[in-house]
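Working notes, beginning with the structure itself.
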Amino acid sequence: MNWRTIRAIALKDWREVRGNKMAWAPTLIVPLIFCVVLPLLIIVLPGTLSNGEAGDMMKDADLELFLANLPPAMAASIAGLNESQTMIVLLLGYLFSPLFLILPIMTSSVIGSDSFVGEKERKTMEALLYTPATERELFTGKMLAAVIPAVLLTWAGFAVYTLVLNSAGGVVMGRVWFPLPHWWVMVLWVTPAVAVLGMMGAVVISARVKSFMEAYQNTGLLVLPVIMLVIGQVAGLLYLSVLVAFGIGLVVWLIDGILLLFALRIVTRAALMGADKGA
Amino acid sequence: MSVAIETEGLVRRFGTRTAVNELSFRAEAGEVFGLLGPNGAGKTTLVRLLNGVLKADAGRAHVLGCDPQTQGDALRRRSGVLTETPSIYERLTARQNLHFFGTLYGVPEADLARRTDALLEQFGLHDRADDRAGGFSKGMKQRLALARTLIHQPDILFFDEPTAGLDPEAAQQVTDLIAQYSGADGRTVFLCTHNLDEAGRLCDRVGILNHGRLLAVGKPDDLGRNLWDGQWVDIGLTAPPPAGLDAALMGVAGATQVQIKGAALAVQVRDESVIPAVVSAAAAAGAQILRVTPRAHSLHDIYFKLQAEAEAS
Ligand SMILES: Nc1ncnc2c1ncn2[C@@H]1O[C@H](COP(=O)(O)OP(=O)(O)O)[C@@H](O)[C@H]1O
Ligand SMILES: [Mg+2]
C-alpha cells in the first residue's frame with residue numbers, strides 16, 4: 001500500500017465531490033435540520049403550547065403505554081422531570097440518537113456513489129485503471145474520501161446539537177444535561193462503522209447502476225436500518241444504553257467486514273473494465 | 001532489436017462474441033506499430049489486454065517483458081495509455097489532472113511540478129493551466145490527455161483512436177505531437193486508428209484487424225506487394241510513345257501488362273528486378289523517358305482490399 005497514492009486518490013475524489021453540488025448540498029441541509037431546526041422545534045414548541053395541550057399530548061394512550069413500559073434505566077433518567085423536560089429527554093436524548101446515524105450513512109454513500117458511478121459515468125475510470133495504483137489503493141483512497149468527511153461532518157453536527165440542547169434546551173432543563181453517556185459510544189464507535197457501511201453500500205449499488213442519479217436514489221435504501229433502529233426504540237424493543245450502542249457498533253462493523261470481502265471482488269480491474277462496453 | 005510486445009493466440013470473449021480471436025503478433029522496441037480496423041474490430045479490447053486491465057480467456061502476451069495478467073502493476077508503471085475517451089477529470093484544473101496522474105504513476109514529488117509545467121507549456125495549455133478542464137475544447141482536452149500519458153515518461157505508449165472526433169486542425173495538432181514524441185528515446189508506440197492517413201504518416205508497421213483477427217501485419221509497402229500480383233511501374237515520357245512500344249515491352253521477360261494513355265505509360269512487372277530491363281527496352285524502342293516510378297499501394301488500397309476479402313470469406 002502506497003500512502004502517497006491513496007492520499008492522492010482521496011484528495012482527488014474529495015475535490016471532485018466538491019464540484020458536484022447535487023452531491024454535497026443535501027449533506028449540508030440534512031445536518032442543519034437534524035442538529036438545529038428539529039431540536040429547536042421540540043424544545044420551543046411545548047413551551048408555546050398552552051399547558052393543557054402539552055398535558056393532552058402526554059395523556060395520549062400510546063404514549064402512556066410507552067412510558068409505562070420504559071426500561072428501568074431509561075425510566076430513571078426521566079424520573080422527577082416535568083412534561084416538557086420528559087419530552088426533551090425522550091425525543092432528543094434517546095429517539096434522536098439512532099436518527100443521527102443518518103448523517104454518516106448519507107454523507108458517505110453520496111460521496112461513495114459520486115466517486116464510483118460518477119467515475120464510470122464520466123468515463124474517467126478507465127484512465128485510472130491504467131495507472132499502476134493497486135486495486136486496494138484505489139479502494140482505500142475512495143473509502144477515505146467518503147468516510148473521513150462523513151465522520152467529521154457528523155462530529156461537527158454533534159457539537160452543534162450539543163450546543164443547542166444545552167443552551168436552548170438548558171433553559172427548560174435547568175442544567176447542562178447533554179450528551180447522555182450512550183451518545184459518546186454512538187458518535188465515536190458507531191458513527192465510523194456506519195460511515196463505512198454507507199460507502200460499502202454505495203460500492204455495491206454502484207456496480208449495478210449506470211448513473212450517479214440512479215445510485216443516489218438507491219442509496220436511500222441504506223437509511224432503512226437506521227429507521228428500524230428508531231422504530232425499535234419507539235416500540236420499546238430497544239433501549240439505547242452504552243452497552244446496546246456498543247453492540248450495535250459491533251454488529252455494523254461485522255457487516256462492514258462481510259461487505260468488504262464482497263466489495264473487494266467488485267473493485268477489481270477485470271470486473272470494472274469487463275462491465276465497460278467502451279465508447 | 002528487442003521485442004516490445006509479443007502475443008500468442010490471444011483470445012478474449014464477451015459472452016458469445018469473440019472480441020480478440022487467436023491473435024499472434026510482435027512489435028519491436030522503438031517502432032510505431034499501427035493497428036487498423038473498423039469499429040468493433042477489437043482494438044480497444046487488445047489495448048486493455050496488453051495492459052492487464054482485462055483478463056484474456058486464452059493465449060499469452062508479453063509487454064516490455066512483463067506478463068500483463070500477473071505483472072500488471074509493474075508494467076503499468078512503464079506504459080502510458082491514451083484512452084478512446086479523454087478520461088479527463090473535468091472538475092479539476094489541467095494542472096491538478098496532471099499532478100494527480102503523475103502521483104499515481106509514482107513521479108517523484110520533486111520532479112512533478114517541473115514536469116507538469118513543461119508539458120503544459122509544450123502542449124499549449126500553459127495559460128489555461130489553472131482552469132477547470134470541463135471548460136476546455138475537445139482538442140484541448142485531448143492534448144491534456146496526451147500530456148497525461150507522458151507525465152511519467154513511459155517506455156511504451158498506447159494511443160486508442162487519438163484523433164477521433166476532433167476537427168481537422170485539432171487532429172493535426174495531436175498527430176504532430178504524437179509524431180514528435182514517438183521517435184524520442186527509443187519509445188515504442190502502439191497506435192489504434194481507423195484514420196489511414198494518420199497511420200500512413202506515423203506508423204513503421206501496421207496490423208490490419210477485422211472481427212478480432214489479424215488479417216495482415218507488415219510495412220505498408222511490403223503489404224502492398226504481397227497483396228497484388230506484380231508491381232506497376234509508371235513511366236513518364238516527354239512525348240507520345242513511338243508505335244510498337246507496347247509490343248517491345250511485352251517482349252521483356254517478366255513484364256505482364258502494358259497500358260498506354262497519351263504520354264503516360266504503365267507497365268506491370270513480376271517484381272522490381274525486371275524494371276531495368278523494361279527501361280532499356282523502352283529506350284531502345286525510341287521512348288523519351290522523363291521519370292520512372294514504381295507504384296506504391298496506398299494504405300487505403302491495402303486496407304480496403306483486405307477488409308473486403310475478409311468480409312467476403
Ligand atoms: N465489456 C464488454 N462487454 C461486451 N462486449 C464488449 C465489451 N467490450 C467490447 N465488447 C465487444 O467486443 C468487440 C470489440 O470491441 P472493441 O475492442 O471496443 O473494438 P474497437 O476498439 O476496435 O472499436 C465489439 O463487438 C464490442 O461490442
Ligand atoms: Mg475502440
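B:Gln142 - would you say it is in the same structural domain as B:Asn195 (by TED's automatic domain parsing) and in a helix (DSSP H, G or I)?
The answer is yes for B:Gln142.
Scan the stretch B:99-150 for residues that are within 12 Å of chain A (Cβ to nearest Cβ), free of Cβ contacts under 8 Å to residues at least 60 places away in the same chain and of a type in the set (A, V, I, L, M, F, W, C) and jot them down.
B:Phe100, B:Phe101, B:Leu104, B:Val107, B:Leu112, B:Ala133, B:Leu144 - these are the residues of the stretch B:99-150 that are within 12 Å of chain A (Cβ to nearest Cβ), free of Cβ contacts under 8 Å to residues at least 60 places away in the same chain and of a type in the set (A, V, I, L, M, F, W, C).
Would you point out the residue of the stretch B:59-78, among those that are surrounded by fewer than 21 Cβ atoms within 10 Å (Cβ to Cβ) and facing another protein chain (nearest Cβ under 10 Å), that is farthest from B:Thr149 (Cα to Cα)?
B:Gln69
Go through the stretch B:27-58 residue by residue and tally those that are outside any strand (DSSP E or B), more than 10 Å from every other protein chain (Cβ to nearest Cβ) and under 17 Å from the mean Cα position of the chain (by Cα).
The total comes to 9.
Test A:Leu103 against the criterion of being away from chain B (no Cβ under 14 Å) and modelled with pLDDT of 90 or more, and give yes or no.
yes
For the stretch B:13-46, name all the residues that are open to solvent by less than 10 Å² (accessible area, probe 1.4 Å), within 12 Å of ligand 1 (Cβ to nearest atom) and either under 19 Å from B:Asp67 (Cβ atoms) or without any contact (Cβ under 8 Å) to a residue 24 or more places away in the chain (or both).
B:Val20, B:Leu23, B:Leu46
Out of all the residues in the stretch B:79-93, is one or more of a type outside the set (S, T, N, Q), in contact with a Gly (Cβ under 6 Å, 6 or more places away or on another chain), open to solvent by 60 Å² or more (accessible area, probe 1.4 Å) and more than 16 Å from ligand 1 (Cβ to nearest atom)?
Yes: the stretch B:79-93 contains one or more residues that are of a type outside the set (S, T, N, Q), in contact with a Gly (Cβ under 6 Å, 6 or more places away or on another chain), open to solvent by 60 Å² or more (accessible area, probe 1.4 Å) and more than 16 Å from ligand 1 (Cβ to nearest atom).
Given the condition among the acidic types (Asp, Glu) and more than 14 Å from chain B (Cβ to nearest Cβ), answer yes or no: does some residue in the stretch A:111-123 qualify?
No, there is no match, as no residue in the stretch A:111-123 is among the acidic types (Asp, Glu) and more than 14 Å from chain B (Cβ to nearest Cβ).
Counting only residues that are aromatic (Phe, Trp, Tyr), give me the strands (runs of 3 or more DSSP E) lying completely in the stretch B:148-263 with at least 1 of them.
Passing ranges, in order: B:156-160, B:188-193, B:231-237.
Give the stretch A:195-209 a look and list any residue that's open to solvent by less than 10 Å² (accessible area, probe 1.4 Å) and at pLDDT 95 or above, or say none.
A:Ala195
Having 1 or more residues that are touching a Pro at 6+ places or on another chain (Cβ under 6 Å) is the bar; report the helices (runs of 4 or more DSSP H) wholly within the stretch A:110-229 that clear it.
The helices (runs of 4 or more DSSP H) meeting that bar are A:135-173, A:191-206.
Step by step: first the residues of the stretch A:1-34, then only those that are among the charged types (D, E, K, R) and open to solvent by 90 Å² or more (accessible area, probe 1.4 Å), then the one that is modelled with the lowest pLDDT. Which residue is that?
A:Lys21
In the stretch A:148-165, what residues are open to solvent by less than 20 Å² (accessible area, probe 1.4 Å) and closer than 13 Å to A:Val110 by Cα?
Within the stretch A:148-165, just A:Ala150 meets the criteria.
On the basis of being away from ligand 2 (no atom under 16 Å from the Cβ) and under 17 Å from the mean Cα position of the chain (by Cα), does A:Trp177 make the cut?
Against the criterion (away from ligand 2 (no atom under 16 Å from the Cβ) and under 17 Å from the mean Cα position of the chain (by Cα)), A:Trp177 does not qualify.
Against the conditions (1) in contact (Cβ under 8 Å) with a residue 60 or more places away in the chain; (2) within 30 Å of A:Arg4 (Cα to Cα), where does A:Trp183 fall short? Just the number, please.
Of everything listed in (1) in contact (Cβ under 8 Å) with a residue 60 or more places away in the chain; (2) within 30 Å of A:Arg4 (Cα to Cα), A:Trp183 misses just condition (2).
The values are calculated or read from the model by the stated rules, or taken from the named source; none is laboratory data. In this text the structure is predicted, and so the values were computed from the model without any measurement. Every residue, glycine as well, gets a Cβ built from its backbone with ideal geometry; the counts of neighbours run over all protein chains shown. Accessible surface areas use protein heavy atoms only, side chains included; no ligands, DNA or RNA. Shrake-Rupley method; radii C 1.70, N 1.55, O 1.52, S 1.80 Å.
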